[in-house]
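Below you'll find the structure, written out as structure tokens, and then a few comments.
The values are calculated or read from the model by the stated rules, or taken from the named source; none is laboratory data. Since this is a predicted model, take the numbers as computed values, not measurements. As a convention, Cβ positions derive from the backbone with ideal geometry for all residues, glycine included, and neighbour counts pool all protein chains shown. Surface accessibility is based on the protein's heavy atoms, side chains included, excluding ligands, DNA and RNA. Shrake-Rupley method; radii C 1.70, N 1.55, O 1.52, S 1.80 Å.
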Amino acid sequence: MTDSHAPAIEAIGLTKRFGDFTAVESLDLRVQTGTVVSLLGPNGAGKTTMVRMLATLLRPDSGRARVAGHDVVSEPDKVRRVISLTGQFAALDKNLTAAENLRLMARLRGHGRIAARTIAGALMERFDIEAIGDRVVKNLSGGERRRVDLAASLIDMPQLLVLDEPTTGLDPRSRQVVWSTVRDLVAEGVTLLLTTQYLEEADALADRVVLIDHGREIAAGTPAQLKARVGEQRVDTVVTDAAQLERLDQALSASFATSVARDQRTVSVPAPNEAADLTRVAQAIRESGIAVDEVALRRPTLDDAFLALTGRPVNADLDGEADSAHEPITHEVAR
Amino acid sequence: MNATTISPPRAVRNSRAHGARRYVTDTLLLTGRSLRSIPRVPERLLDVTIQPIVFILLFLYVFGSAIHVAGISYKDYLFPGIIGQSLAFGIIGAGVATSSDMTEGVVDRFRSMPISRLSIISGQVMGQFCEALLGIVITVGVGLALGWDPHLTALHAVELVALMVLAIFAFTWTGVLFGMLVRSPDAMQGMGFIIILPLTFMAGTFVPIAGLDAVPRAIADWDPISALVAAVRSLTQGYPSSGSWQLDHPEIAMALWCLLILAIVVPLALRRFNRMLAG
Ligand SMILES: Nc1ncnc2c1ncn2[C@@H]1O[C@H](COP(=O)(O)OP(=O)(O)OP(=O)(O)O)[C@@H](O)[C@H]1O
Ligand SMILES: [Mg+2]
């Protein structure tokens, strides 16, 4: 049986090469039972590779990893019994309907025909996919597919759930659905390893964040610790006329610690109180009578984190293709 | 969203019989999965049935008028050839299906679940086998409808069915192996067109081997598909063939070819499959 004292994941020096290219380099990872850990990193950071090694789908070249006390290389069957992986790309049979997929996976997990039907029904209700249950998966939208995929991972409540970029490509509403599902599961006692490109998502869901790039760990800590190093959310004000920048800076510096980005015509102030600070800034601007193009509350992005922690932008050597770049976050972080 | 309890805990899996029984159950479930996709992807079945039908129509009503084979009506000469060709096309069908299936994310899910891994490839082979069998049944049906007249004794009928099943099995495994080796379904399709199509043409399928030029004739004498076609023709029409050892004894040669192919292809396919799984 599973050693209940062992950490959910304990990886030491895990390394994976593809030819000459090292995708994951000597990565350590420890996930305590009952916690949520997020692997955060841009495209190509090695998140999927890491997750696939832990899920016994990829053989590490060196290093060791144990899942619930079982070695991923020498005891893969035991690992597979406690882990459930929702990969980055939907792992469903595209020629079967959503319901058929769920029933098939339930039967492969050893449930009888009737039990499989019941389980599939309950999961479809839970994930709000009853209406699309009889549609063939290849005809579903990306978000619908993701929900079915997630449901398929929860057929037997796993001890360890691994979600590889569960919300990439989802609209804000579907993202909220995934987030609240994840919170429910965690409340039920599931240990979760989650990969994401969004600092905001790691912040919203994880107890601990490991920031990786080029297969190596760059920083790790609680979201609060990382944010303290990265900087809090702030209010950015863009003036219409660059000549007014000085005046706005003076107007705001009365009550805020301002910083000015001249080429972006922007005055930036920290906003630990979010909306309240936004209101105060707006008030100050109105009193000063300065014309502005935009006043916005911004949360630090993966980009900001990289800049703060490594002194260089995301994918500095890869032409900055991370799609999380420069993305003002417009929806609520519920936490 | 409401908080429905998800399912009874994992113990179910552990209480289940392991080993052989688990392998059989998982294989049947995965075979069922493949079979279910037959009506959902009708193109695939059409691939293996339309092609023979086109060849039947082409040779029966277009080229056939210019081809005369001594001692047999062209119709009765042609249909065994078409059946041999369709059996060989099973390689392409299984290969295309496997290469698109094995690169799908769903195989990853199977791999990360506590199921018998061998059942993944077994289910694939079984599913493709059934699909190929269905294709042959349709082709034979079309032949009979168009007036093909096989003369079968009961014994020959049993022998014919057994040989065809063996051939479908061998070609399905071959297709599954190729499907795991090629990069894409298109590559498999291309390979089928360049290698398998010519081999089916040089096998006494449409015209007698005896009349071929030296080079194609040398190939045809030892082309396994020649043995296949000759065996079907010998069993259904009692029409003899000769030229090489395999053409003198087509039924035995066909069985030996199939066994040889299986002996080579099955271990290679399993090895390739394990490699793929190892990542
Ligand atoms: N099978 C493979 N063969 C060769 N290179 C690979 C293979 N799998 C991954 N890589 C490379 O390893 C690196 C890490 O890939 P990985 O998929 O782990 O990144 P990721 O962090 O998941 O990125 P993304 O956010 O885009 O999903 C990439 O540069 C990728 O090109
Ligand atoms: Mg990835």
Report the charge-dipole magnitude of the protein assembly as shown in Debye, nearest 20, computed about the Cα centre from +1 at each Lys and Arg Cβ and -1 at each Asp and Glu Cβ. 1800
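Excluding ligands, DNA and RNA, what is the accessible area buried between chains B and A, summed over both sides, using a 1.4 Å probe, to the nearest 100 Å²?
3900
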222 nm mean residue ellipticity, helices alone, for chain A (DSSP H n ≥ 4; -39,500 (n - 2.57); rounded to 500): -10000 deg cm²/dmol
Simple spin-label estimate for B:Trp245/B:Ser73, 7 Å along Cα→Cβ, in nm, reads 3.7
State in Å² the accessible area per residue of region B:10-278; use a 1.4 Å probe, count heavy atoms of protein chains only, and round to the nearest integer. 43
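Could you work out the per residue convex hull volume over the alpha carbons of region A:155-307, in cubic angstrom? Provide the component values of the computation, followed by the final result.
Working: hull volume 22.1 nm³, N = 153.
Expressed per residue, the convex hull around the Cα atoms of region A:155-307 is 144 Å³.
Rounded to the nearest 5, what % of the DSSP beta bridges within chain A are antiparallel ones?
Working: 34 of 52 bridges.
Counting DSSP beta bridges with both partners in chain A, the antiparallel share is about 65 percent.
Averaged across A:39-50, how many Cβ atoms of other chains sit within 10 Å of each residue's Cβ atom? Intermediate results must be reported in sequence, preceding the final value.
On the way: counts 0, 0, 0, 0, 0, 0, 0, 0, 0, 0, 1, 0.
Per residue, the average neighbour count from other chains is 0.
If one computes P(r) from the Cα atoms of chain A, what percent of pairs lie at distances over 26 Å? Before the final figure, lay out each step's value.
Working: 30641 of 55945 pairs.
The answer is 55 percent, as a whole percent.
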Which log10 I(q)/I(0) values, to two decimals, does region B:134-183 give at q = 0.28 Å⁻¹ under the Debye formula with one point per Cα? -1.07
Extending each Cα 7 Å along its Cβ direction at A:Phe21 and B:Phe193, get the distance between those two points in nm, one decimal. 3.0
Work out the length of the dipole vector of region B:36-106 about its Cα centre, built from +1 on the beta-carbon of each Lys and Arg and -1 on the beta-carbon of each Asp and Glu, and round it to the nearest 20 debye. 140
Based on the Cα gyration tensor of region B:147-279, what are the three equivalent ellipsoid semi-axes, each the root of five times an eigenvalue, rounded to whole Å and given largest first? 29, 19, 13
How big is region B:216-279 on each of its three principal axes, counting only the C-alpha atoms and giving the largest first in Å? 50, 25, 14
Per Stokes-Einstein, at 25 °C and 0.890 mPa s, what whole-number D in µm² s⁻¹ belongs to chain B, with the Kirkwood radius over Cα pairs as the hydrodynamic radius? 122
Principal axis dimensions, largest first and in whole angstrom, of region A:232-299 by Cα: 29, 24, 19
Region A:11-80: C-alpha pair distances exceeding 20 Å, %: 24
So which trypsin sites (Lys or Arg not before Pro) in region A:1-59 are both in a DSSP loop and have at most 14 other Cβ atoms within 10 Å of their Cβ? none
What does the charge count near B:Gly135 come to, summing +1 for each Lys or Arg and -1 for each Asp or Glu among other residues with Cβ under 13 Å from its Cβ? -2
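Could you tell me what a quarter of the Cα convex hull surface of region A:62-106 works out to, in nm² with one decimal place? All intermediate terms of the calculation are to be shown ahead of the outcome.
Numbers: hull surface 17.6 nm².
Result: a mean projected hull area of 4.4 nm².
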Counting C-alpha atoms alone, how compact is the protein assembly as shown: give Rg to one decimal and Dmax as a whole number, in angstrom. 31.6, 109
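For region A:192-259, count the residues as N, evaluate 2.2 N^0.38 Å, and divide the Cα radius of gyration by that value, please.
Cα-based Rg divided by the globular estimate yields 1.59.
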Taking the dipole about the Cα centre of region B:10-278, with the C-beta of Lys and Arg at +1 and of Asp and Glu at -1, give me whichever of B:Leu28, B:Ala162, B:Ala255 is farthest to the positive side. B:Leu28
Quote the accessible area belonging to B:Met164 in square angstrom, nearest 10, computed with a 1.4 Å probe and with ligands, DNA and RNA left uncounted. 30
If you build a Gaussian network model of chain A, linking Cα atoms that sit under 10 Å apart, which residue out of A:Gln225, A:Gln283, A:Gln32 swings the most? A:Gln283
A correct Karplus calculation of ³J(HN,Hα) over region B:239-249, with 6.51 cos²θ - 1.76 cosθ + 1.60, θ = phi - 60°, whole Hz and x for Gly and Pro, returns 8, x, 9, 7, x, 9, 4, 5, 7, 6, 10
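Whole-Å semi-axes of region B:47-163's equivalent ellipsoid, largest first, each the root of 5 times a Cα gyration tensor eigenvalue?
Values for region B:47-163, descending: 37, 17, 9 Å.
Taking beta carbons within 10 Å but only from partner chains, what does the mean come to for residues B:166-179? Before the final figure, lay out each step's value.
On the way: counts 0, 0, 0, 0, 0, 0, 0, 0, 0, 0, 0, 0, 0, 0.
If you average over the peptide's residues, the count of other-chain Cβ atoms is 0.
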Give me a single rounded figure for A:74-86: the average over its residues of other chain Cβ atoms within 10 Å of their Cβ. 3
